[in-house]
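Below you'll find the structure, written out as structure tokens, and then a few comments.
The values are calculated or read from the model by the stated rules, or taken from the named source; none is laboratory data. Since we're looking at a predicted model, the values are computed, not measured. Positions of Cβ are generated from backbone atoms using ideal geometry, with glycine treated the same way; all protein chains shown enter the neighbour counts. The accessibility values were calculated without ligands, DNA or RNA, using every heavy atom of the protein model including side chains. Shrake-Rupley method; radii C 1.70, N 1.55, O 1.52, S 1.80 Å.
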Amino acid sequence: MTGFLLRRLLGAVATLFALSVIVYAVFYAAPGDVAQITCGPRCSPAQVQQVAEQLRLDDPLYVRYWDFLQGIFVGQDYSTGTAVEHCDAPCLGLSYQSDQQVTELILTKLPVTASLALGAMVMWLILGVGTGVLSAWRRGRLSERVLTAVTLAGTATPVFVIGLLLMIVVCGQLQWLPFPQYVEFGDDPTQWAWNLLLPWLSLALIEAAKYARLTRSSMLETLADDHVRTFRAYGVGERSIIGRHALRGALAPVIALTANDVGSMFGGAVLSETLFGLPGIGRELVHAVKVVDLPVVVGMVMVTGFFVVLANAVADVLYAVADRRVVLV
């Protein structure tokens, strides 16, 4: 296990380094006058040049990338025009628009996105895996056909359509839930969950359809294995076969999909956060792209990559827990 974790750690570092090179080159080498956009349309050429010098946009790209790496590992000093500000490691730079440290900005938005992602994940796993198991168990019957049709419709429906319908019906007409408004968990845990219930549900309904289809196909494949037929020949009950043997063997693709979905969602559930007005990473990323705030964009993409790599490393360990036939190498 120690050797496996070390290899995964080295692989994660190499992946994040490659990601940083690609992201930094793509965004900072893209056409467009960042200094002009940051300064505004009414700035004179002298003011634009002053902004470019302050942001060090005249330095070669490799020099700015080296400074970016130094900031991540040892921190960096930045000029805000009137003073010099020190950014502690891991430093992802300063926002062009607000002069706020990107790391601090991300940390203020991360609890919102984490609350949305983790709560929705619990709901979509319960709904999706449960529906998939039931569909595989009732294969060929009317209930299985109904569940298959529902999951197919759910997979084809965009999240903003489900979200809008839920807000109109649940919040507007029936008034069962309030319109979502983020409340800090530490301030009021009950209101935190109550206000996030609708975003969780809208995300979970879409994702659960995908997980139900994947679980069903994996379960049917596992139920056709030789060892399952052996259990049946020995008189083991169908519920025991499904719950104790078939489900564990079918969880590997579900774990892999969950790792990718949760890791990506930590980088921001853009549509959900924008639709429900949640001040998370996704909504902030959209704003940063609109105003060409490159340090914020690059920083958030790097954070997304970090969580995807971390989630996949955890998934590799969970494979062995779910299926004893998997060996960590």
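What the table below lists for this structure:
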read-out	value
Options 229, 216: the member that is over 23 Å from residue 152 (Cα atoms) and in a helix (DSSP H, G or I)	229
Restricting region 20-48 to residues that are of a type in the set (S, T, N, Q) and under 19 Å from residue 99 (Cβ atoms), the residue that is modelled with the lowest pLDDT	38
Close pairs (6 angstrom Cβ cut-off, 6 or more residues apart or separate chains): over 12 Å from residue 201 (Cβ atoms) in region 118-133, small (Gly, Ala, Ser) anywhere	128/208; 128/212; 131/212; 132/212
Selection status of residue 275, within 25 Å of residue 164 (Cα to Cα) and out of contact with any strand residue (DSSP E or B) (no Cβ under 7 Å at 6 or more places or on another chain)	yes
Residues located in region 246-273, provided they are open to solvent by 40 Å² or more (accessible area, probe 1.4 Å) and either polar (S, T, N, Q) or farther than 18 Å from residue 318 by Cβ (or both)	260, 264, 270, 271
Qualifying residue in region 53-75 (condition: at pLDDT 85 or above and in contact with an Asp or Glu (Cβ under 7 Å, 6 or more places away or on another chain))	yes
First in region 196-207 and closer than 13 Å to residue 275 by Cβ, second anywhere and of a type in the set (S, T, N, Q) and surrounded by fewer than 22 Cβ atoms within 10 Å (Cβ to Cβ), Cβ under 8 Å, 6 or more apart	206/155; 206/157
Number of the exception - residue 208 against (1) open to solvent by 70 Å² or more (accessible area, probe 1.4 Å); (2) within 27 Å of residue 263 (Cα to Cα)	(1)
Unique match (being within 27 Å of the chain's Cα centre (by Cα), crowded, with 16+ Cβ neighbours inside 10 Å and not basic (Lys, Arg)) among 108, 151, 157	151
Some residue of region 89-96 being closer than 30 Å to residue 207 by Cβ and buried (at least 19 other Cβ atoms within 10 Å of the Cβ)	yes
Verdict on residue 276 being among the aromatic types (Phe, Trp, Tyr) and surrounded by fewer than 23 Cβ atoms within 10 Å (Cβ to Cβ)	no
Per-region count, region 94-134, residues part of a loop (DSSP other than H, G, I, E, B) and either within 30 Å of residue 152 (Cβ to Cβ) or of a type in the set (Lys, Arg) (or both)	0
Residues being polar (S, T, N, Q) and open to solvent by 40 Å² or more (accessible area, probe 1.4 Å) - total across region 282-323	1
Lone unmet requirement of (1) assigned to a loop (DSSP other than H, G, I, E, B); (2) assigned by the TED database to the domain that holds residue 291 for residue 91	(2)
